[in-house]
Structure formats: C-alpha cells, structure tokens
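Each remark here refers to the structure printed beneath this line.
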Amino acid sequence: MIEEKLQKRLRKSIIVVLCIIVVLLIGSGLFSAFMYNTRNESIRNQVILEAEEYKTRIKKQLEADFQTLSTISAFIDNSFVTDKNLLAERLDEANQNNTFLTIVCYDLNGNGVISTMEQDPDVDAKLSDLSSEGRRVVEQAMEGTASVSQLFESVISDNSVFVYSVPVYDGDEVIGALAASDHIEIFSDIISGNTVLGGGGYIHMLDADGNFLIRSSKMIVQDKTPSIFGGPYLSEDSRSQVKEALQRQERIFSSFSYEGKSYPFLLEPVGINGWYLFCVNTGEGLSTNSSTSAIVTQITFIVVLMLVNFLMLYGYRLLRNYNRDMMNLAYCDSLTGAENLSRFRQRLNEALENSGGSVVAVSIRQFPFINEIFGKERANRLLCQIKEITEQHLNNGEFFCHDTDDRFYIFFNESDPDVVRKRMESLIDEFDLSADISKTNYQLAFYCGVVESSRCSNPEETADCMMTHVQFALDRAKGAHSSTIWFFDSELHKKEELENYIESHMHQALRDGEFKLFLQPKKDLHSGMLSGAEALVRWQTNDGRMIFPDQFIPLFEHNGFCAKLDLYMLEQACKQIYLWMKKGIAPIPISVNQSKLMFFEADYVRNLIELVRRYSVPAQFITLEILEGLALENIDEINSKILQLQKEGFRISLDDFGSGFSSLNTLGKLKIDELKLDRDFLLNASDQEQSRVRLIMEHTIRMAGQLGISTVAEGVETPDDETLIRNFGCDIGQGYLYSRPISAADFDEKYMKKADSRNLAGSFDS
C-alpha cells in the first residue's frame, strides 16, 4: 500500500514536473517568439530609417546638381544662345568648375553647344544627335520642366550616364535647355562606407528591373551577376514577389541564404527613375537569431516559472529601454537633454502642414570666451539652464532644440513680429536673471534671428526655406555688444544676395577689368590750379550694373581681397600717368589708398617699385595714402617702409586724420609727406558754433606746416568751406565744390586736354 502510494505520488510528481516542463516550453517558446519578432521589427525599422537617410542624401546630391545647373542657366540669355562661341566659353568655364562629364545647351530649334571634359567644345551640336533618353529630358526642359533621365549609353562620352536638364529663361520666357551628364558612380561615396547599418551591412543600387547600377565594395556575394534575379539572391518562391514589388515601386523585405547563413535585406525605392536601394544586413542573420532563440529556450528550461516571467518582463524592459535609447541617440542632445536639430526639422515640417509660425535662432555672444573664462562645466550648466528656461516659455504645439554649443532653435505658433519680439525679450530677460553666470560681473548677450513662415512662398519647401533665412537674420544680428533680435525681410535677403554675388565674383571682376578707375581733382589753394587727383574705385559689371564702394569695400577688408584690389588700382593709376606722358600731357600726381594687409606684405615695397618701373612712371607722381589706424600699430616698422618708398620717390599721405583716435604723438613720429584731414573734421569746423573744432583744425594745419608736412582738406563743398581752409593755411582742397569723382576718360576731357583747363579758381559743376 505504501509502495503504491509512493508510486502514485511519484506519478503525480512526474505529471506536475511534465506540466511544469510543458509550461516552461510554452513560456520559453512564447518568449523566444516575442523576442525574435520584436528584435526583427526593430532591425526592420532601423534599416528603413537608414535607407530613408541614404535616399535623402541621394536626392540632395541630385538637388545640388540641379541647383548648380540652375545657377549656370541664370547667366545664359539670348546673347549667349545666339553667339555659340561665347556660349561655348561659358559652358567650358562652368564645366571646369564642376564634376559633370558634359554640359550641353540647346536653343528651341535644337541647335546648341556641347562642352565635354578634356575636349574642345562642339558649337554645332544638334539635339537630334542625342540618344533618345537624353533628348527626352532636354525636350521636357524646353517645355519648362526640369528632369533627370534614366541610365543610358552616351553617344558623346561613350559611358553609361544619366542626364539632368533645366530650362533656360530670358525673363519669363523659355529660350532653351541646359543639360549635364554624369556617371551613376557619383552616388558610390554616399552608399559606401563602414557605417552602413551600424557597420553591419552594405547597400547596392539597382534599376527598376533589378539590375545592379552600383555595387558596394563590402558585399557578401562575390559573384558579379548583372541582376538580383541571378545568383543566390532570390529563391524561386520570392522571385515573383520581388518582381511585382519592383513593378509597383513598393518597399519589400526578404532574405537570401549564402554559404549556410541567412541574410535579411530590404528593397527600398529611391523615388527617382525607378531606382532601388538594396540594403543587406550582415551583422546578424536569421540563422543567428534562431540559434540565439534556442539558447534562450535552453536557459529557460532550468529556471522556474516565476523566473521566466521575470526574464520576460526584464527582456521587455530592456527592449523598451533600447528603443528609448535609440530614439534619444537619434533625436536628443546628450548634453542638455533637449531635442536635436534633426528632430526639430522633422517636427517643423509637421507643424507647418497644419499652421504657420516663426522660427527663432538663438546664439550666445562670445560663447568660446565663456568656456575659457568660466570653464567648460559652468558653460555647460549655462546651456542646461537655457534649455530649462526655454521649456517653461513654450505654449502647446511649440518646441525647440539645441544644435551646436551656442545655438538653439525655437518654433513659436505666433507669426506677429511684435508678439514674437515680446516673447523673446521676456525669454532673454529670464536668461539674464536666472543664469549663474549672470550673477557675476560678466554681461550675457544673445543674438536672435527670426523668420516667419509667410516669408517662404513655396509650401513644400517652407521648413527648409525658414531654416535658411533664419541664418541670414542671425548673421545680421551678430556683432552687437548687447542682445539683438533681427527679423528676416526681403531687404536683408537682397543684401545677403549682393554680398554673396560680390564674394563669388570679385576675382572674376578683377580679371575682367570690371573695377574702374575714377578720379577726383585736388585744387592748390595757393595758385588755384589743379594739383593732383585721388584714385577711387567703382565696380561696373559687364552687364552695366554699378556696385558702389560702400557695398564691397567692407567685405574686401574683411576677406583680404582689398590687398589685390589696391595693387590693381595702383597699376591703373600708373597706366593713366603713362598715357598722359605718351600723349605729351604733363602728368599730375595721383593718390592711391593702401590697405593694412597690402602695406604689411613682405614684398610690398618691391612690388611698388617694379610697377612704376614697368610703366616708366616717376615715383613722385604716386602718393600712397595710409590710414590713421595703420599708423597706430608699429611706428618703427611703418617708418622703415615709408623711408624705403620715399627713397624711390613715392610720397606718403596719412589719410582720414581726425576720424578716429588721432594722436599728435603718432603724427610727430611718422615720416609722412602729407596730412589729409577727414571730411567730418571740415563739416564740424564749418559750423560757426564749433569754434573749438575750428581752433583745433587751424592749429593742426599750422603745426603740420611747421613739420614740413603739406595738408589736404577733404569734403570741400561750398565756397565758404574753401575760404575757411585757405585762411587756416591749408595747401590743397578736395571735394564736390570742384568735382565729384569722375571716370578717367571724363577727367582727361575736362582737365587734361589744355593747360588752362587746370585752373580750378572758378566754380565747377559737382
């Protein structure tokens, strides 16, 4: 009886154990299936996100090339279309500055010019000679539509290429088409590299029929099959499914087996010409997942049901935390915890689909110095405090991000400039009150650029447009010593466009002689005769547009181009003096401005000497005008160069004296020949109430005379001005009373033909 009871208990125990085992098996299976599906879905989502990123890069490459073509087309008008040789030169120059294989331009009659790298341009090209695919996109451009072709064999370059084409406008009228061809391999750098799929995958590019356009160098399958329908890529069951997806331009996931291992892949349509990205994940195949699941199942067998449940919950939490960490990595700033710029752009697109608003770019003034003065820890704490304060000032539907160290972007639902300004002023005030650094003697300042969505007319590109324009506004706001808020407007955009034109065309303008020599006469106040002229520059583009010095000189001083321009103007002055001597006209001295950058060049003196000798011009006819600010830096070095120049015959003039921190001590030490009083000095001195200014000016002129330095007064606009400076003992007058700056040709006509024309004693038109 006892044995039977024991056997019965044993059987019950076995049944219980078996039940537990079954439960463990089921639980393990469910857990394994859950982990497998969840991880597989996560991998799929990661692959899709990365494929979308590569699609965006490819489209940006195409957009950049379209933008390049559009920029080139903007400089083509009817004069280029009718003059094929001129058009050929322009296309050849454009082709040298880009990576296209060929650039072609056709008029509406199908006649055009082809520029091919390392070949002479073809000025008798016919549209009918192009391949059918190339001809198709060109004809679309002639109808006003920019497009890109399928891949085809070029009859011009004997390569497999594709073609971009854009319309060429003259005003609002399409007068032709501009096209460029390129290898499909231009996308190789985009889809290649060691970071594809986190370093565990690679990407090929296919056409709509599954043929390989670009192969990755990291591919697993080494067989060079022309299509994914050959080799080991697809099983018989998946071929038809993939073909249908390709025909419908749909995304599809599948896998292939190679050398005993399974590899999942994604076919993602690019959205252009039926192209596809073939994304293969090599980091962990399906067979590895199965093996992992088996290990998990075996481990699960040796734990109790409660532990299995715990592990399942723990695994779920791990997955949830993993996804959260991935989201943070992709969309969050690790320093402040705010969203990053990628997430901001994404949310901006979504927000603008429903309503308008404003984007604000905020930059901290001199943030690198804050790092240096207070240390990185306190600077980082400042950024975190700005993030926390900004969060408290946002309404529903508004958001912000932290981009670079000193840069934040904010989206407001508001479009009223007054409302946005008040909100930003309130925000900046709280920054000042709450930030730890503000509690020291350091004065925080913030630069803010603002753009409203209404400033961008194309709804599909509003977000990108706003992010571009807000940079213009922020750049405009920078430079002040206090917090500044600047709103983007059309005038600012025009100014930015002009500055961009100036900096991108200045070298070309110098080569093409667009910088013109203008001369303003100087009058000898003792004899009433013409004593000389000042060389002034004007920029007149080849299309007749005039750009004035105050628009380009500050930019040139900032980017260093002023040194080249000064040397160019000095050469123009030498040429002018040489022409006078060649015609038998007694020359007059010409004053030429010299920038700080040029004056301190190592070969400055040698270059000037070579220049006057090249044109056989006596150096005494050249007066070099240096700025007062230059003279305050290193008097010994400056005097050394001045003495070298004076030894050769050059005269040295100190320009704009009185406009800045004028130093009599500096004036006494400099070995100059001439002192040029700033026009503001005369403007203030001519006022009868400014007796102190008149006294300073009079004594400055008399003191210069006692030092053996001649004096020039700028800004002489009235006879009273002339009488004033003559009574002070000034030697030379210059200003609109005698003449505005005029072209060298007009100056010759007015002053240099006859000797008696040099008498400036009378009144002259300004």
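The values are calculated or read from the model by the stated rules, or taken from the named source; none is laboratory data. Since this is a predicted model, take the numbers as computed values, not measurements. Backbone-built Cβ (ideal geometry, glycine too); neighbour counts: all protein chains shown. Note: areas computed on protein heavy atoms with side chains; ligands, DNA, RNA excluded. Shrake-Rupley method; radii C 1.70, N 1.55, O 1.52, S 1.80 Å.
For this structure, a couple of remarks:
- Which numbered condition Val470 fails, given (1) under 21 Å from the mean Cα position of the chain (by Cα); (2) open to solvent by less than 10 Å² (accessible area, probe 1.4 Å); (3) under 30 Å from Val716 (Cα atoms); (4) of a type in the set (A, V, I, L, M, F, W, C): (3)
- Search result, residues across region 373-401 that are in contact with a helix residue (DSSP H, G or I) (Cβ under 9 Å, 6 or more places away or on another chain) and either charged (D, E, K, R) or closer than 20 Å to Leu348 by Cα (or both): Arg378, Arg381, Glu388, Thr390, Gln392, His393, Gly397, Glu398, Phe399, Phe400, Cys401
- In the set Ala704, Ala685, only one residue is farther than 30 Å from Trp539 by Cβ, crowded, with 16+ Cβ neighbours inside 10 Å and modelled with pLDDT under 90; that residue is Ala685.
- Condition check for Asn328: touching a Leu at 6+ places or on another chain (Cβ under 9 Å), on the phi < 0 side of the Ramachandran plot and not hydrophobic (A, V, I, L, M, F, W, C): no
- Subset of region 65-102 that is touching a residue at least 60 places away in the same chain (Cβ under 8 Å) and in a loop (DSSP other than H, G, I, E, B) - its residue that is most open to solvent (accessible area, probe 1.4 Å): Thr99
- Residue identified as buried (at least 18 other Cβ atoms within 10 Å of the Cβ) and in a loop (DSSP other than H, G, I, E, B) among Tyr233, Tyr263, Tyr202: Tyr233
- Every listed requirement among (1) loosely packed, with under 15 Cβ neighbours inside 10 Å; (2) at pLDDT 75 or above; (3) closer than 22 Å to Ile48 by Cβ is met by Asn281 save one, (1).
- Residues in region 606-647 that are open to solvent by 10 Å² or more (accessible area, probe 1.4 Å), within 37 Å of the chain's Cα centre (by Cα) and either of a type in the set (Val, Ile, Thr) or within 27 Å of Leu519 (Cβ to Cβ) (or both): Asn607, Leu627, Glu628, Gly629.
- Test: residue in region 124-135 that is open to solvent by 20 Å² or more (accessible area, probe 1.4 Å) and within 14 Å of Ala88 (Cβ to Cβ): yes
- Failed item, numbered, when Val168 is tested on (1) at pLDDT 85 or above; (2) assigned to a helix (DSSP H, G or I); (3) crowded, with 20+ Cβ neighbours inside 10 Å; (4) of a type outside the set (Lys, Arg): (2)
- From Tyr164, Tyr169, residue being touching a helix residue (DSSP H, G or I) at 6+ places or on another chain (Cβ under 6 Å) and in contact (Cβ under 8 Å) with a residue 40 or more places away in the chain: Tyr164
- If you go through region 54-63 and keep only what is under 19 Å from Ser165 (Cβ atoms) and open to solvent by less than 50 Å² (accessible area, probe 1.4 Å), you end up with Ile58, Leu62.
- Subset tally (residues that are under 12 Å from Ala351 (Cβ atoms) and surrounded by fewer than 19 Cβ atoms within 10 Å (Cβ to Cβ)) for region 402-414: 1
- Scanning region 104-119 for residues that are closer than 14 Å to Ala177 by Cβ and either polar (S, T, N, Q) or free of Cβ contacts under 8 Å to residues at least 12 places away in the same chain (or both) yields Asn109, Asn111.
- All of (1) assigned to a helix (DSSP H, G or I); (2) modelled with pLDDT under 90; (3) open to solvent by 10 Å² or more (accessible area, probe 1.4 Å) hold for Leu492 with one exception: (3).
- So Ala180, is it of a type in the set (Gly, Ala, Ser), open to solvent by 30 Å² or more (accessible area, probe 1.4 Å) and at pLDDT 75 or above: no
- The condition of being β-branched (Val, Ile, Thr), within 28 Å of the chain's Cα centre (by Cα) and open to solvent by less than 20 Å² (accessible area, probe 1.4 Å) holds for only one of Ile437, Ile386, that being Ile386.
- Scope region 551-583; condition over 26 Å from the mean Cα position of the chain (by Cα) and not in a helix (DSSP H, G or I); matching residues: Lys583
- Residues that are free of Cβ contacts under 8 Å to residues at least 12 places away in the same chain, of a type in the set (D, E, K, R) and assigned to a helix (DSSP H, G or I), drawn from region 496-550: Glu497, Arg511, Asp550
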